[in-house]
Structure formats: structure tokens, C-alpha cells
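Only one structure is covered here, and it is reproduced in the block below.
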Amino acid sequence: MTNKIFYGAGDNARKNLARWIKEIGEPVCFADMDSRKRGKCFSDSPGLETSRGGGYEVTSLADAIDRYPDYELWLTLAPVNLLSATEQLIERGVPKERIRYCEDVEYRRGCRLLGEYIFLTVDSIKPCCTQYGKVIPYADKVHSEESVRHCIGEFRQWLNKTLALMRTDAETDCDNCSLLKWGYYSKTSSIKLLNAGSGFANTICNCRCIYCSQSETAFKGSDQILDGYEIHCILSDEFGAAIEFVCLTDGEITVLPHRDKLLNLIIEKGWSAMVATNALLYNDDVAAILSTQFSVLNVSLDAGTAETYHKVKGVNAFSKVVSNLERYAETKGRIELKYILLPGLNDNFDDVNGFIKIAVSLKAYRVYLSRASLNGLSNTARISEPTGSTTSITEQEYAMYAYFVARCKEVGLPVYYVAEFFITSDCLRMSNLCEGI
């Protein structure tokens, strides 16, 4: 019998390991390029990942092949990473015929979101949050459950048609997006990631961020009748057991009138979540969700000093936010901090270094760089490009991004950039910066 080596001891493997063992069979070991994972044992329970057992041994690829020369190398990576991993393995001398994929994939155009993600705003349903992709509007201005379900049906039809076109060079609605590329992707669509964005009933916030795209509804109210909890109930019914992850980005979760119902729904369904919060308030249910296996707390801190925080966020609460983040960090859950570079406000050494110092003290899971165009307006204005910038970064901005990334590298912080907010030509520059980490 051929020995199966599973390649990649990360989150995607942990989420799917039990299913893969049933479908493919048990591996003899795991191989991983990260030397920090070697010598440990890997399982689908993070509490069992110890050097003394409880799972499958993680070793180097060379060692695994030496032990099991009659091998098949099964790639456990997320589909978006399969092409680059395959190319690297072939360069390292692994015969292509020995490479297998744990998921049923095909070679076509795609991205990490297409076919797995749905983004609902008060105006439309989209396949992602970039300015590309199909925008499917609702049939009415004030949405009923029936109109939301009808729009989801139209989204499904568009998605199936687009995935078929992605197997060819035919023109699609996603063309020109910097995230679209040829690679290995799932053959069938299965919506696993939900993002019900801004503008539904009772969207409110206790912060006044300078770049906020939700200010109209967060502070003036919405004419909608369905709130975020009711929208998630509809999505749960439509996509069922396939749902794995939800993004809570509608207003500030800790002050929403339907907060308790929505958080309890997530806990009840066993969904992991990205909880976007300003952390002005601490919430026990948010902490409970954060302590689950794949959930993450996302805070756009955007400053490293109290003075700048006040200018950017519109509230004088820097110390309070840092204190609440320290409390959330006690859960040992994943905290990711975002830094939206705002020229003339936080593009300075004091704020960047202060931000990085906080991220290190919190043992942040990762940090994100992003951008927002203020369009020359004062710091009380709102930006006019809420779903991504269409302007190139300046050399001054790039220099500060480079400094930010270099400082993260010095202290060992994983750093990424939010590609949706950079034009295609800048994505290459940002990728070259961040890939050095």
C-alpha cells in the first residue's frame, strides 16, 4: 500500500482532517516547511498538538520521503495556495505524478473567495468586497425576507455561470481584479464564509472613524426592517451545514440592539467568526467566541499614540481600548490588528512603532496594512471610496509601508496587506514587501 504523506500542518488541515481520513485514509505523517512545527504531533484538536503524542508526527519533507520512499504527497493547503506549492515541490524534485490534492480541485481561474464567500450589503449581494465582481441588487428598496432569498437565488445563478467561464479565457465580471489568477480551485461551489455588511436595521456604532463607510446608517439610522440577526438566520437556512465562518462587520457588535441574539446564534451553530470591533467595550460573549478554534478578533487600531487615535477614531479612548484588548488576549484567542495608513495623520514613526509595540505585547496573531483615500478632506469628513481605492500609492506612502513591514520583521510579527484596497500594480509591490516575513 502506498504511504500517504500529508503536506501542510496548518489550519486548513486541522479543519478538514477528520473528513479527509474517512475519504482518503490515514497519513503516515505530516510534512511542513515551517521548522517550528517539526517534532510535534498534529491533530484536529489544538490541545493535542504536543511533542509527546496525540496526533501525527510533523517532520521535514526530506525526512518524510527518506522514511517512506513509496509515497504519495497529499497537499492539505487551501486551494488558493495549491498552485504555488505544487510548483515549489516540483522544483524540489518531487515528481508531479506523486502529488495529490486532499480536496477535489480543478485547474482554472479563480481567487480565495469566489465560490466560497457571499457578501451582503444593504444595496446588493456580491461575491466579494472588492469593486470587481457582479453586483446583484435587491428587487425592492426596503428588503423583505422574500426579496433577500430571491436575490440569493440570482447570486447562485451568476456564480454557477461564472465558475464555468473561469475554466476558459472568456470574459467575466471579475476580470481586472488583482486577486484573480489561474490555479487549483474546488470544482463545485459551497458557500462557507458569510459577511453581512453595513446598512441593515439597527446598525449603530459608538466610534466616529474618519474613513467610515457606514456613517450614514450608523449615526442617522436605516429604513430597513431586517436586522443583522434576521439576515444571518436567512443565510443559515439558505446555506446550512456548509457554513464555517461569519464576518461580523455591521456597525459595532458590542452596542447593536440584536447583539445577544446574533452572538448566541453563532455560538449555537458552532460557527467560527471574525469579530470586527473597535474594542471600546469588552463583551463576554465576544470573548467566548474568540476562545473557539478558528475565530479571530479584528481591531482597526490605526494608531500608536493616544493623540492620533483621537483624531482618527473620533473618541478619546486609546488607553481603554488597549486595556480591553489585553483582556481579550487572556482568552489565548487570535487577535489581529489593522493599520489603515492615513497620510498626514498616522504615517509617522511614533504611531507605527507604538502600534507595533502594542501588537507585540498582545502577541497578535497577525497585523494588516490597509489604506483609505481621504480625498483631501478634513479629518471630520468621510471617504468616498468605501470598497477600495482606485488610486496608486505615493512613494511617501510606500516608504512608510516598507518601514512598517521591516519593523514587523524585526519583532517577528506576521504582516499582510488588504489587497482589495490596492490597485493591481500596487499589489505586486505590497506582495514583495510582505512576502519577506
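The values are calculated or read from the model by the stated rules, or taken from the named source; none is laboratory data. Given the structure is predicted, the values throughout are model-derived calculations rather than measurements. Backbone-built Cβ (ideal geometry, glycine too); neighbour counts: all protein chains shown.
Which of (1) in contact with a strand residue (DSSP E or B) (Cβ under 6 Å, 6 or more places away or on another chain); (2) under 14 Å from Arg156 (Cα atoms) is the odd one out, the single condition Gly115 does not satisfy?
Here Gly115 meets the rest and fails (1).
Can you confirm whether Thr249 is within 24 Å of Phe318 (Cβ to Cβ) and in contact (Cβ under 8 Å) with a residue 40 or more places away in the chain?
For Thr249, the condition - within 24 Å of Phe318 (Cβ to Cβ) and in contact (Cβ under 8 Å) with a residue 40 or more places away in the chain - is met.
Scan the range 270-292 residue by residue and report those that are within 16 Å of Gly228 (Cβ to Cβ) and among the aromatic types (Phe, Trp, Tyr).
Trp271 - this is the single residue of the range 270-292 that is within 16 Å of Gly228 (Cβ to Cβ) and among the aromatic types (Phe, Trp, Tyr).
Filter the range 65-98 for residues that are hydroxyl-bearing (Ser, Thr, Tyr) and in a helix (DSSP H, G or I); which is farthest from Trp182 (Cα to Cα)?
Residue satisfying both the conditions and the ranking: Thr86.
Within the range 386-395, does at least one residue satisfy the condition of being surrounded by 15 or more Cβ atoms within 10 Å (Cβ to Cβ), in the same structural domain as Asp284 (by TED's automatic domain parsing), part of a strand (DSSP E or B) and modelled with pLDDT under 95?
No, the range 386-395 has no match at all.
Within the range 352-370, is even one residue of a type in the set (D, E, K, R), surrounded by fewer than 18 Cβ atoms within 10 Å (Cβ to Cβ), within 20 Å of Thr308 (Cβ to Cβ) and at pLDDT 95 or above?
Scanning the range 352-370 turns up at least one residue that is of a type in the set (D, E, K, R), surrounded by fewer than 18 Cβ atoms within 10 Å (Cβ to Cβ), within 20 Å of Thr308 (Cβ to Cβ) and at pLDDT 95 or above.
Can you tell me which of (1) over 25 Å from Val299 (Cα atoms); (2) within 21 Å of the chain's Cα centre (by Cα); (3) modelled with pLDDT of 90 or more is the one Leu120 doesn't meet?
Of everything listed in (1) over 25 Å from Val299 (Cα atoms); (2) within 21 Å of the chain's Cα centre (by Cα); (3) modelled with pLDDT of 90 or more, Leu120 misses just condition (1).
With respect to Asp173, is the statement that it is more than 21 Å from Asn12 (Cβ to Cβ), out of contact with any strand residue (DSSP E or B) (no Cβ under 8 Å at 6 or more places or on another chain) and either β-branched (Val, Ile, Thr) or at pLDDT below 90 (or both) true?
no
Out of all the residues in the range 132-152, which are among the acidic types (Asp, Glu) and not in a helix (DSSP H, G or I)?
Result: Asp140, single match.
Filter the range 153-202 down to the residues that are in a loop (DSSP other than H, G, I, E, B), in contact (Cβ under 8 Å) with a residue 12 or more places away in the chain and of a type in the set (Gly, Ala, Ser), then identify the one that is farthest from Gly133 (Cα to Cα).
Gly199
Give the range 203-243 a look and list any residue that's modelled with pLDDT of 85 or more, part of a loop (DSSP other than H, G, I, E, B) and crowded, with 18+ Cβ neighbours inside 10 Å, or say none.
Thr203, Cys205, Cys207, Cys209, Ile210, Tyr211, Gln224, Leu226, Ile243
I'm trying to understand the selection: among the residues of the range 1-29, which are assigned to a strand (DSSP E or B) and free of Cβ contacts under 8 Å to residues at least 40 places away in the same chain?
Cys29 - this is the single residue of the range 1-29 that is assigned to a strand (DSSP E or B) and free of Cβ contacts under 8 Å to residues at least 40 places away in the same chain.
Here's a check for you: in the range 253-294, which residue that is among the small types (Gly, Ala, Ser) and within 28 Å of Gly314 (Cα to Cα) is surrounded by the fewest Cβ atoms within 10 Å (Cβ to Cβ)?
For the range 253-294, the residue satisfying everything is Ala287.
Among the residues of the range 277-300, which ones are among the aliphatic types (A, V, I, L, M) and either at positive phi or over 17 Å from the mean Cα position of the chain (by Cα) (or both)?
Ala279, Leu280, Leu281, Val286, Ala287, Ala288
Give the residue that is modelled with the lowest pLDDT, with candidates limited to residues of the range 396-421 that are within 15 Å of Thr130 (Cβ to Cβ) and in contact with a helix residue (DSSP H, G or I) (Cβ under 6 Å, 6 or more places away or on another chain).
Ala419
Identify, from the list Gly25, Gly8, Gly93, the residue that is in contact with an Asp or Glu (Cβ under 9 Å, 6 or more places away or on another chain), at pLDDT 90 or above and on the phi > 0 side of the Ramachandran plot.
Gly8
Need pairs with beta-carbon distance below 8 Å; first residue within 14 Å of Phe355 (Cα to Cα) and within the range 403-430, second of a type in the set (Lys, Arg) and part of a helix (DSSP H, G or I); sequence gap 6+ or separate chains.
So the pair list comes out as Val415/Lys409.
Looking at the range 310-345, which of its residues are of a type in the set (A, V, I, L, M, F, W, C), in contact with a strand residue (DSSP E or B) (Cβ under 8 Å, 6 or more places away or on another chain) and surrounded by fewer than 19 Cβ atoms within 10 Å (Cβ to Cβ)?
The answer is Ala329, and nothing else.
It is to be established whether one or more residues within the range 99-113 are assigned by TED's automatic domain parsing to the domain that holds Gly25 and assigned to a helix (DSSP H, G or I).
Looking through the range 99-113, none of the residues is assigned by TED's automatic domain parsing to the domain that holds Gly25 and assigned to a helix (DSSP H, G or I).
Can Glu307 be described as acidic (Asp, Glu), crowded, with 21+ Cβ neighbours inside 10 Å and either at negative phi or at pLDDT 95 or above (or both)?
For Glu307, the condition - acidic (Asp, Glu), crowded, with 21+ Cβ neighbours inside 10 Å and either at negative phi or at pLDDT 95 or above (or both) - is not met.
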